[in-house]
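> Got a structure for you, questions after.
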Amino acid sequence: MDTLTLPRPDDWHLHLRDGALMQAVAPQAAAAFARAIIMPNLKPPVTTVAEAAAYRQRIFAALPEGSSFEPLMTLYLTDNTPPAEVERAVASGLVHAVKLYPAGATTHSDAGVTDLLLCYDTLAAMEDHGLPLLIHGERTDPGLDIFEREAAFIDDVLLPLLDRHPRLRVVLEHVSTAAGAELVTGDDPRLAGTFTPQHLLYSRNDLLVGGLSPHRYCMPVLKRESDREALLAAATSGHPRVFLGTDSAPHPRSAKESGCCAAGCYSSPVALALYAEAFEAAGALERLADFAGRNGPAFYGLPINGETVTLERAAQEVPSAYPGGEEPVVPLRAGGTLGWRVRQP
Ligand code: DOR
Ligand code: ZN
């Protein structure tokens, strides 16, 4: 197969940031994807519908003339998010999900939830309206081994949460372990999972062996090769509730190539080609269209994009960096090659 046509893909997990960095990266995301679920972990976080609506306008202002990119906004769940904010979110039509960051789990997560019991009424309102909860699924207890964070979260937090809220719809984001892959590919219709290019292509050896590779450092951190294999099997399984979520998370180059490397991989411009590479390696290229273009809209109750894109087999050099506003941003696979590219009209 040397070409592959699929519905214009959506990104169900994207960080666009704000200010000069957003001005630089939003057009790149919009060139690659039709819609994206926009993460709310700005500083300060996007916790209200009014803030989400204002952020959405700033995103539109950063897009090139004529772009049809649609940002699907989310709210950042805190210990104090009131159920009324859920009502406003649903009424707005702009907010498509609420994001749970356990406090301290990752970049700008200090305002995150300390105890989900504090959110009981708000989660109950989300159940009533079918508004999905998007989860960064890591326990953050200081004594817990960083490679065990996701598995511990599933057992100690996620499964009890699903018991307490039997109608809550949940996306386990950036699934990083075999345990997470098994959970989201089970038969629970409330549960979906997103998969990043880095977790499908790289293991912790690719992060750590032969020297630290800061541009592959993200949270949840890359796991064992056996986890990567399980993730790739899940993503390419044809399961209807697994879909594309890049977690593209740009940081200025100096924050990545630093004594304390910021977590996050920038991937918007290369992501679709990287997914194609991963799916091809699994012998499942024919399943990419569902993963990238159909399963996500089905879960969110949105139409499939009418436009298509065609991927073609052709070597493509990845730049060593892209403009990032004040500083360059370094993408996944920087300076390397991709085997697929999107055919230009
Ligand atoms: O590596 C990550 N970076 N993981 C996240 O969950 C957040 C993201 C960011 O915002 O930089
Ligand atoms: Zn993220």
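Throughout, read-outs are computed from the coordinates displayed, never taken from laboratory work. Note that this is a predicted model, so its numbers are computed, not measured. Glycine also receives a Cβ, built like all others from the backbone with ideal geometry; neighbour counts cover every protein chain displayed.
> For the chain, what does the relative contact order come out to in percent, with C-alpha contacts under 8 Å and a separation of six or more?
On the way: 733 pairs, mean separation 66.6, N = 345.
Relative contact order, the chain: 19 percent.
> May I pose another question? Kirkwood Rh over Cα pairs of the stretch 1-73 into Stokes-Einstein at 37 °C, 0.692 mPa s: D in µm²/s? Don't skip to the answer; put the middle values down first.
Values: Rh = 12.8 Å.
In µm²/s, the coefficient rounds to 255.
> Determine how many Å³ per residue the convex hull of the Cα atoms of the stretch 232-345 encloses. If you can, show how the numbers build up before the last one.
On the way: hull volume 15.6 nm³, N = 114.
Cα convex hull per residue, to the nearest whole number: 137 Å³.
> Only Lys, Arg, Asp and Glu count, each charged at its Cβ (+1, +1, -1, -1), so figure out the dipole size of the stretch 85-164 about its Cα centre, rounded to 20 debye.
Numbers: 5 positive and 15 negative charges, 58 e Å.
The calculation lands at about 280 debye.
> Could you pull out every residue, at least 5 positions away or on a different chain, whose amide H is within less than 5 Å of the one on Lys99? Hs are placed 1.01 Å off N in the peptide plane, and Pro or chain starts have none.
Hits under the 5 Å cutoff: Leu75, Tyr76, Leu77, Leu134.
> Which of the peptides 136-149, 240-253, 201-214, 66-79 is most tightly packed, and how do the rest follow, going by the mean number of other Cβ atoms within 10 Å of each residue? Show your work: numbers first, answer last.
Working: 136-149: 15.9, 240-253: 25.1, 201-214: 14.4, 66-79: 19.5.
Most protected by this proxy first, the peptides run 240-253, 66-79, 136-149, 201-214.
> Taking the Cα-to-Cβ direction at Ala50 and at Leu118 and moving 7 Å from each Cα, how far apart do the two end points lie in nm?
2.2 nm
> Rounded to the nearest 0.05, what FRET efficiency do Asp2 and Ala321 have when you use their Cβ-Cβ distance and R0 = 30 Å?
Details: r = 30 Å, r/R0 = 0.99.
Working from the Cβ atoms, E equals 0.50.
> With an 8 Å cut-off on Cα pairs and a minimum separation of 6 or more residues, tell me the relative contact order of the stretch 61-200 in percent. Before the final figure, lay out each step's value.
Working: 210 pairs, mean separation 26.7, N = 140.
Relative contact order here is 19 percent.
> Okay, next question. In vacuum, with every alpha carbon of the stretch 101-211 counted as one equal point scatterer, what does the Debye formula give for log10 I(q)/I(0) at q = 0.14 Å⁻¹? Two decimals, please.
-0.60
> Under the Kirkwood approximation for Rh and a Cα-based Rg, what ratio Rg/Rh is obtained for the stretch 1-146? Walk me through the numbers on the way to the answer.
On the way: Rg = 16.4 Å, Rh = 16.2 Å.
Checking Rg against Rh, the ratio lands at 1.01.
> Dividing the alpha-carbon radius of gyration of the chain by 2.2 N^0.38 Å (N being the number of residues), what value is obtained?
Working: Rg = 18.6 Å, N = 345, 2.2 N^0.38 = 20.3 Å.
In units of the 2.2 N^0.38 Å rule of thumb, it is 0.92.
> Oh, and also: I want the local charge near Leu131. Using Cβ-Cβ distances under 15 Å, sum +1 for each Lys or Arg and -1 for each Asp or Glu among the other residues. Walk me through the numbers before you get to the answer.
On the way: positive: Arg88, Lys99, Arg167, Arg169, Arg190; negative: Glu85, Glu87, Asp121, Glu127, Asp128.
It works out to a net charge of 0.
> Ranked from highest to lowest mean number of other Cβ atoms within 10 Å per residue, what is the order of the peptides 170-182, 317-329, 282-294? Please report the intermediate quantities before stating the final value.
On the way: 170-182: 24.2, 317-329: 16.8, 282-294: 18.9.
In decreasing order of mean packing, 170-182, 317-329, 282-294 become 170-182, 282-294, 317-329.
> Looking only at Cα atoms, what is the convex hull volume of the stretch 32-106 per residue, in Å³? List each step's numbers first, then the result.
On the way: hull volume 7.5 nm³, N = 75.
That works out to 100 Å³ per residue.
> Still on this structure, please answer the following. Using Cα pairs closer than 8 Å and at least 6 residues apart in sequence, work out the relative contact order for the stretch 269-345, in percent.
Numbers: 85 pairs, mean separation 26.7, N = 77.
That works out to 35 percent.
> Which whole-Hz ³J(HN,Hα) couplings does the stretch 267-284 yield from phi under the Karplus relation 6.51 cos²θ - 1.76 cosθ + 1.60, θ = phi - 60°, glycine and proline marked x?
Ordered by residue, 3J(HN,Hα) equals 9, 3, x, 10, 4, 4, 5, 5, 4, 4, 4, 5, 5, 5, 4, 8, x, 9 Hz.
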